[in-house]
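Here is the structure we will look at, set down as structure tokens.
Read-outs: derived from the displayed coordinates by stated rules, not from any lab. None of the values given here were measured: they were computed from a predicted structure. Note: ideal-geometry Cβ built from the backbone for every residue, glycine included; neighbour counts use all protein chains shown.
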Amino acid sequence: SSGINAEYGGLRESVKKLDKREALLCVLAESTDEKNILKLVEALCREHNINLIKIDDAKKLGEWVGLCKIDKEGNARKVVRCSCAVVSNFGRESIANEVINDHFKRTVAAE
């Protein structure tokens, strides 16, 4: 287990975590039909200084958070779309944590 605590209890739960400043990272799928959702999540992340990663496909995010079945060959099947997921705990230190932290350090330095 990676120890990362990703929340994907739906958009409402993600927005609650963002609003309460309980999220360390937010992943937002830009393929969502409702553009107001994108604006709300972006505004909450900006207001509360929460790191935001945007991806192109809600099905990809659904697969990442485990909203699918894995077949015998290890391929994702019956993937459910997920428009937003938040991470509230990165768990133990790992290379993955370092990669994420380095990404945001470079992003902030470039601004």
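General remarks:
- Sorting the segments 74-80, 53-59 by their residues' average number of neighbouring beta-carbon atoms within 10 angstrom, most packed first, yields 53-59, 74-80.
- Count Lys and Arg as plus one, Asp and Glu as minus one, and take only other residues whose Cβ is under 9 Å from that of Arg81; the net charge is then 0.
- Counted residue by residue at 0.36 nm each, then reduced by the alpha carbon distance between them, the extension gain from Asn75 to Lys39 reaches 9.7 nm.
- Neighbourhood charge, 15 Å Cβ-Cβ cut-off, centred on Cys68 and excluding it, Lys, Arg +1 and Asp, Glu -1: +3
- Applying a threshold of 32 Å to the alpha-carbon distances of Lys39/Lys72; Lys17/Lys59; Lys39/Lys78; Lys35/Lys72 flags Lys39/Lys72; Lys35/Lys72 as lying beyond it.
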